[in-house]
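Engineer: Input: one structure, supplied below.
The values are calculated or read from the model by the stated rules, or taken from the named source; none is laboratory data. These numbers were taken from a predicted model, which means no experiment stands behind them. Neighbour counts run over all protein chains shown; Cβ positions are idealised from the backbone, glycine included. In case anyone asks, the SASA skips ligands and DNA or RNA and just uses the protein heavy atoms, side chains included. Shrake-Rupley method; radii C 1.70, N 1.55, O 1.52, S 1.80 Å.
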Number of protein chains: 2
Amino acid sequence: MYKEPASFKLDIESGVIEDSKRLVRRLSDMKGYFVDEEAWKELVEKENPVVYEVYAVEQEEREGDLNFATTILYPGKVGKEFFFTKGHFHAKPDRAEVYVALKGRGGMLLQTPEGEARWIPMEPGTIIYVPPYWAHRTVNTGREPFIFLAIYPADAGHDYGTIAKKGFSKIVIEEDGEVKVINNPRWKA
Amino acid sequence: MYKEPASFKLDIESGVIEDSKRLVRRLSDMKGYFVDEEAWKELVEKENPVVYEVYAVEQEEREGDLNFATTILYPGKVGKEFFFTKGHFHAKPDRAEVYVALKGRGGMLLQTPEGEARWIPMEPGTIIYVPPYWAHRTVNTGREPFIFLAIYPADAGHDYGTIAKKGFSKIVIEEDGEVKVINNPRWKA
Ligand SMILES: [Mn+2]
Ligand SMILES: [Mn+2]
């Protein structure tokens, strides 16, 4: 039998998709992700903020089917480093993804398995094509929530482990009031 | 080697994606699609209007890769029937698709290979999940351009032939100032 077509209401102002699955990541869920571990610990103990929320509509894992999700990535920093999403490769690494920026300001870090990194700024209307094999992480470089929509193959899956362990070869910081993309001091190729 | 990540500028007001491939469908390209053939002929001879434009960013046909495109579907009617896109099944019929309505008012007709149809209204913020196997056509039921973004597997392909020949089992018309979805008088199961 055929699956039933379905429509979902996306509130572009808030990023919320009605009747979707909500996931919340607090700063305490991101131990080891930020360079300044002292600043991380302090902020977790003080207020343990929500770093991002995801609203996802997902199908069974099957070739040729599609999932989609919005992310609301909140503004904030850990030391000099802007809030970001954990970032991942796809479990099927050759699965691509399309991102559509809806609100706020930020960007995407992408990285090959060998650690070659790219930084792409995002503002409302920016569409990013994430090619097969590139890990991807979004970063909020602004002062309001950064909201975007992502569409990805239903069988892409997530490999968070590689990034959790090694991070990205670049980090995105604020220094002298400017957004800078610099080498990650903890990076080991 | 890895494909390079890429960003594209979508102008949400106009629907145009910079550095994308543009396709234009005029009414003369849609012979046989509308029920009122006299009205079609008259309008083609009078002004042959653009019915819709597509701005597409497409990859090579490969499993797990993704394409995306905006469509600007203009307001208008042929007889009582609202302007629509040709509509298609996917050549790989089990490929899904995700539509995001950006501007204007309209809806989507969907249909199974057996001719079972659905109508889903669309307004800005509506996301439609098009499941595997369903043909899909969009319809502008408003008075301004109806603009939406679609994301689809790079190996989905298009089967326009079935719809070109048989149409949808439902048509969308204006009658007494109202939008009505009625049985297609020319439909043969
Ligand atoms: Mn992904
Ligand atoms: Mn399609």
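Engineer: What spacing in nm lies between the two simple spin-label points modelled at A:GLU144 and B:ALA39, each 7 Å away from Cα in the Cβ direction?
Structural biologist: 4.3 nm
Engineer: Per residue of region A:118-129, in order, report the coupling 6.51 cos²θ - 1.76 cosθ + 1.60 (Karplus, θ = phi - 60°) as ³J(HN,Hα) in whole Hz, putting x for Gly and Pro.
Structural biologist: Here the 3J(HN,Hα) series is 9, 10, 10, x, 10, 9, x, x, 6, 10, 10, 8 Hz.
Engineer: A follow-up question, please. Between B:GLU47 and B:SER14, what is the label-point separation in nm under the 7 Å Cα-to-beta-carbon projection?
Structural biologist: 2.1 nm
Engineer: Buried by at least 10 Å² relative to the chain on its own: which residues of region A:4-24 qualify, computing accessible area with a 1.4 Å probe on protein heavy atoms?
Structural biologist: Those are A:GLU4, A:PRO5, A:ALA6, A:SER7, A:PHE8, A:LYS9, A:LEU10, A:ILE12, which lose 10 Å² or more relative to the chain on its own.
Engineer: Sticking with this one: Can you give the local net charge around B:PRO145? Use residues other than it whose beta-carbon is closer than 11 angstrom to its beta-carbon, Lys and Arg +1, Asp and Glu -1.
Structural biologist: Spelling it out: positives minus negatives among the neighbours equals 0.
Engineer: If you put a point 7 Å past Cα along the Cβ direction, how far is that point for A:GLU38 from the same point in each other copy, in nm, smallest first?
Structural biologist: Computed spacing set for this position: 8.6 nm.
Engineer: Pop out a list of residues from region B:63-105 that are at least 20 Å² less accessible with all the protein chains around than in their chain alone; 1.4 Å probe, no ligands or nucleic acids counted.
Structural biologist: B:GLU63, B:GLY64, B:ASP65, B:LEU66, B:PHE68, B:ASP94, B:ARG95, B:ALA96, B:VAL98, B:VAL100
Engineer: How far, in whole Å, is the nearest Cβ of chain A from the axis relating it by rotation to chain B, and which residue carries it?
Structural biologist: Nearest Cβ to the rotation axis, residue and whole-Å distance: A:ILE151, 2.
Engineer: Further, regarding this structure: Which is farthest toward the positive dipole end of the protein assembly as shown among B:VAL24, A:ALA164, B:TRP119, measuring Cα position about the Cα centre, with Cβ charges +1 (Lys, Arg) and -1 (Asp, Glu)?
Structural biologist: A:ALA164
Engineer: Continuing with this model, one more query. Along Cα→Cβ at 7 Å, what distances in nm separate the A:ARG62 label point from those on the other copies, shortest first?
Structural biologist: Taking the point 7 Å beyond Cα along Cα→Cβ, the inter-copy spacings are 2.5 nm.
Engineer: Around A:GLU63, with a cut-off of 13 angstrom between Cβ atoms, what is the net charge of the other residues, counting Lys and Arg +1 and Asp and Glu -1?
Structural biologist: Net of charged neighbours comes to -3.
Engineer: Right, next: Take the Cα coordinates of region B:1-97, assign each an equal point scatterer, and use the Debye formula without solvent to give log10 I(q)/I(0) at q = 0.21, 0.22, 0.23 Å⁻¹.
Structural biologist: Ignoring solvent entirely, the Cα scatterers give -1.11, -1.15, -1.19.
Engineer: Per residue of A:160-170, what is the mean number of Cβ atoms on other protein chains within 10 angstrom of that residue's Cβ?
Structural biologist: Per residue, the average neighbour count from other chains is 0.
Engineer: Sticking with this one: Before we go on, tell me the buried accessible area for the A/B pair, both chains summed, 1.4 Å probe, in Å² to the nearest 100.
Structural biologist: 3800 Å²
Engineer: Once the label point is set 7 Å along the Cα-to-beta-carbon vector, what list of distances in nm do you get between A:GLU114 and its counterparts in the other copies?
Structural biologist: 5.3
Engineer: Pop out the carbon and sulfur fraction of the accessible area of the protein assembly as shown as a percent, whole number, probe 1.4 Å.
Structural biologist: Within the protein assembly as shown, the accessible surface is 48 percent carbon and sulfur.
Engineer: Now for a different question. Mind jotting down the distance between the C-alpha centroids of region A:119-152 and region A:14-41, whole Å?
Structural biologist: 16 Å
Engineer: Using only the alpha-carbon atoms, how far is helix B:37-46 inclined from the longest principal axis of chain B? Give it as 0 to 90 degrees, nearest 10.
Structural biologist: Roughly 70 degrees between the two axes.
Engineer: Provide a whole-number value for the mean count of partner chain Cβ atoms within 10 Å of the Cβ atoms in peptide A:122-133.
Structural biologist: Per residue, the number of nearby Cβ atoms from other chains is 6 on average.
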